[in-house]
Amino acid sequence: MSKNKQQQPKQQELTKKPSKEVAKQYEQYVKQFTPKPKYFSNSVKAFLIGGLICAAALYMQNKLMEKGMSEKDAGTAVTVTLVCLAQLLTGFGVFDTIGKFAGAGVFVPITGFANSMVAPAIEYKKEGPVLGVGAKLFSLAGPVLVCGISAATVIGLICYFIK
Amino acid sequence: MKNKLGKQTFVFPMMPRVVGAYSIVGEKEGKGPMAKWFDMILDDDTFGEKTWEKSESKMLKQAMLQALQKSGRDKEDVDAALSGDLINQIMSSNFMARDLAIPFLGLYGACSTMTESMILGSLLIDGGYAANVLVGVSSHYCTAERQFRMPLEHGNQRPPSAQWTATAAGAMVLSAADKGDKAMTHGKGVPQGQERKEVYITHATVGKIIDTGIKDPNQMGAAMAPAAVDTIVRHLMDTGRSPDYYDLVMTGDLGYIGRDIALDLLSGAGVDITATYKDCGCMMYDRKQDVHSGGSGCGCSASIFCGYVYREMQLGRIKNALLISTGALLSTISSQQGESIPGIAHAVVLTTEGVK
């Protein structure tokens, strides 16, 4: 690590509450020791698994439409199936393993939403049905919903005025 | 002051002895490279309890009671119990102490609690306030995870700098140095009949809180490393010892990243301990166990001190050890509010040679 020597902050400077510059210098220094997430292989895995889920969903939707279901109903049926499947896998304790591998691939589709509801439901069961599950059920999905609905409202307003 | 060296180091002229120690770990830790040193490995992390909190408390109680049994002492002989854990309001320790009926002091020093309890226990003995003190700590992956991070079944990805909270507990019985009563130790790893060395606590260096401005709760090794370095440097300065006085310098849970930073910072401060330095967080798991930057949690250092270090010292393979438990004193609220992580490290000297 001798090549990093210039960037190493002095121990005396770190001992007292360090100034912003020293804190920043330390943060930079720490970065050299921290392995970076494997962005490329993570992206490939997410693309493959996410793509697989979406392709399977589309295949199912097409099959249902062939059987005479309307596009809207078929879409709903597929969504419900995906949610149920993700919930089941979460309950069996498999989803976190898949999530660790596929990352955004299972997290961005509706499967991630289902997981973020069921995981706290299982976790907080011991604290009771109302103050445990009831209070914590939306602890992960809630922030996503709030931000999503807020963003949709803002964009909706912008669209309304532009038109 | 007669029992203090330099600015931060206590000397214990009475030399409290460690007369019993017990370690207990979870399933995953039991599959790691340190497995042979632990007294008990759980088949199931629930330990037969309904909630994770209860399992952790039971682990701690088991460690405390078994350490006591190994020391050959009764509950009535113990003047004080000191313990801590990571759960809000240290509930695991409180519930453990509820059943113990021993005067109890609860401690919180995050993952530094093991050495904190050893220091305070030694002080009680050295000051003549106690003849026998029971100290111990615990941590549990499942309780820590739900308190500090995400529900267990949530399918998130952990960054490479994240550490894995060890499901582990360790306890020790410290005793005033009345030689003659041989510590009764029978556990795996220590062969029967072999003469065992006495393990004394001679010095302790209480660390200062050091906050280098790291805000990422997944970077605890980096947040704690400067505190560990400061305590090591301060200890050597206070005692006037050179780093090679110790045949083991062991930090609690800096993990792979924190260990590298600590070694680099130490060499920058002119202290070279590469040959004798180890970190419990790097030893607890195999790299293949996918724990990213290594283990953490109070139990990580506690179980390795009580298992590996204590036994190796009894067998005479380690003579002088400097143990430093390191703690990242963050809360869920402080990190959400964007506060940086205060780090702390306390050092304890264990020796088998009765010299001061």
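Just so it is clear, none of the values below were taken in a lab; they were calculated from the coordinates. Just so it is clear, the model here is predicted, and its values are computed rather than measured. Because the Cβ atoms are built from the backbone with ideal geometry, glycine has one as well, and the counts that use them run over all protein chains shown.
Listed residues B:L315, B:L323; which is surrounded by fewer than 24 Cβ atoms within 10 Å (Cβ to Cβ) and of a type outside the set (S, T, Y)?
B:L315
When the stretch A:102-114 is examined, which residues are found to be facing chain B (nearest Cβ under 9 Å) and assigned to a helix (DSSP H, G or I)?
To start, the set of residues in the stretch A:102-114 that are facing chain B (nearest Cβ under 9 Å) comprises A:102-104, A:106-107, A:111-112.
Correct list: A:A102, A:A104, A:V106, A:F107, A:T111, A:G112.
Select from the stretch B:237-275 the residues that are among the charged types (D, E, K, R) and more than 14 Å from B:S293 (Cα to Cα) and write down the one among them that is nearest to the other protein chains (Cβ to nearest Cβ).
Kept after step one, since they are among the charged types (D, E, K, R), are these residues of the stretch B:237-275: B:238, B:241, B:244, B:247, B:253, B:259-260, B:264, B:272.
Keeping just the survivors that are more than 14 Å from B:S293 (Cα to Cα) gives B:238, B:241, B:244, B:247, B:264, B:272.
Values: B:D238: 15, B:R241: 18, B:D244: 20, B:D247: 24, B:D264: 5, B:D272: 13 Å.
Going through the qualifying residues, I end up with B:D264.
Pick from B:R234, B:R287: which is surrounded by fewer than 24 Cβ atoms within 10 Å (Cβ to Cβ) and free of Cβ contacts under 8 Å to residues at least 40 places away in the same chain?
Answer to the check: B:R287.
Test B:S93 against the criterion of being part of a helix (DSSP H, G or I), of a type in the set (S, T, Y) and more than 14 Å from every other protein chain (Cβ to nearest Cβ), and give yes or no. Walk me through it before giving the result.
Numbers: part of a helix (DSSP H, G or I): yes; of a type in the set (S, T, Y): yes; more than 14 Å from every other protein chain (Cβ to nearest Cβ): yes.
Yes.
Only residues that are outside any loop (DSSP other than H, G, I, E, B), among the polar types (S, T, N, Q) and within 11 Å of chain B (Cβ to nearest Cβ): list them for the stretch A:115-157, please.
Result: A:N115, A:S116.
B:T332 passes all but one of (1) surrounded by 15 or more Cβ atoms within 10 Å (Cβ to Cβ); (2) among the hydroxyl-bearing types (S, T, Y); (3) over 15 Å from the mean Cα position of the chain (by Cα); which number fails?
(1)
Kindly evaluate A:K24 against the criterion of being exposed (fewer than 11 other Cβ atoms within 10 Å of the Cβ) and free of Cβ contacts under 8 Å to residues at least 40 places away in the same chain.
no
Assess whether A:S41 counts as being within 14 Å of chain B (Cβ to nearest Cβ), surrounded by fewer than 12 Cβ atoms within 10 Å (Cβ to Cβ) and among the small types (G, A, S).
Yes, satisfied.
Considering every residue within the stretch A:82-93, establish whether at least one is facing chain B (nearest Cβ under 7 Å) and farther than 18 Å from B:R146 by Cα.
No: zero hits.
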